[in-house]
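Please treat every number below as a calculation from the coordinates, not as lab data. Here the structure is a predicted model, which means the values were calculated and not measured.
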Amino acid sequence: MNAVAEADARLVQRCKANDAAAFNEVVARYKDRVYGYVCRMIGPGADAEDLAQETFVRAYTNIHSFQSRATLNTWLFRIATNLCIDHIRRGQAGRGRDASLSMEDPETRQGVERELPDNSHNPEQAALNRELGLRIQEALQDLPPRLRAVVHLFDVEGLSYDEIARVVDCPLGTVKSRLFTARMALRAKLLPYLDGAEAVESEQRIRERIG
């Protein structure tokens, strides 16, 4: 067990002993990471804030049932993932399709641009990078939520296959299959926006820009 996991385990034990300060420390330690993940899953805004807050409400309510087989990190992501998938499904039921992240949302557009390289000296390349960044976000939001989750958990959050399997509650082989399927879907959608030379390394470039 690494130092972070050991520190988290001690926090969990304090939480189970009804130490309110310990749970406040859990929130402080993980709130930004959970909120960032939720934003990538459903898009930024009030709904993301609500789901991130609900993640910690449920964690607090169920902390006594937390098992040491999982890390605190993966447990929080599991709660957040389930909440996001339920939210997306409610949106599908209400609108007849997956809720898509608006590419005209100024906050979203700024978030994408901040993650792309600075090409101010090359306006044409900068425009192409912005376009690719927006297309990546669109392609991610078009993925079914279970595929979307494994991409973000692996490529952005850096979780291992085993950790993701615990988060999404499925066999290891299913995680690998979902990740492969998601990447193939992203590649198919994004290759038209890459020229011949870039296409050779497209998967790596796409993976770098997902986060």
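Full extension of the segment from Arg90 to Lys16, taken as 0.36 nm per residue of separation minus the current Cα-Cα distance, would add 23.3 nm. Shown in residue order for segment 6-22 are the 3J(HN,Hα) couplings computed by the Karplus curve 6.51 cos²θ - 1.76 cosθ + 1.60 at θ = phi - 60°: 5, 5, 5, 4, 5, 4, 4, 4, 5, 4, 5, 8, 6, 8, 5, 4, 5 Hz (x for Gly and Pro).
Put simply, the amide H of Cys170, placed in the peptide plane, has no neighbours under 5 Å, leaving out anything fewer than 5 places away on its chain.
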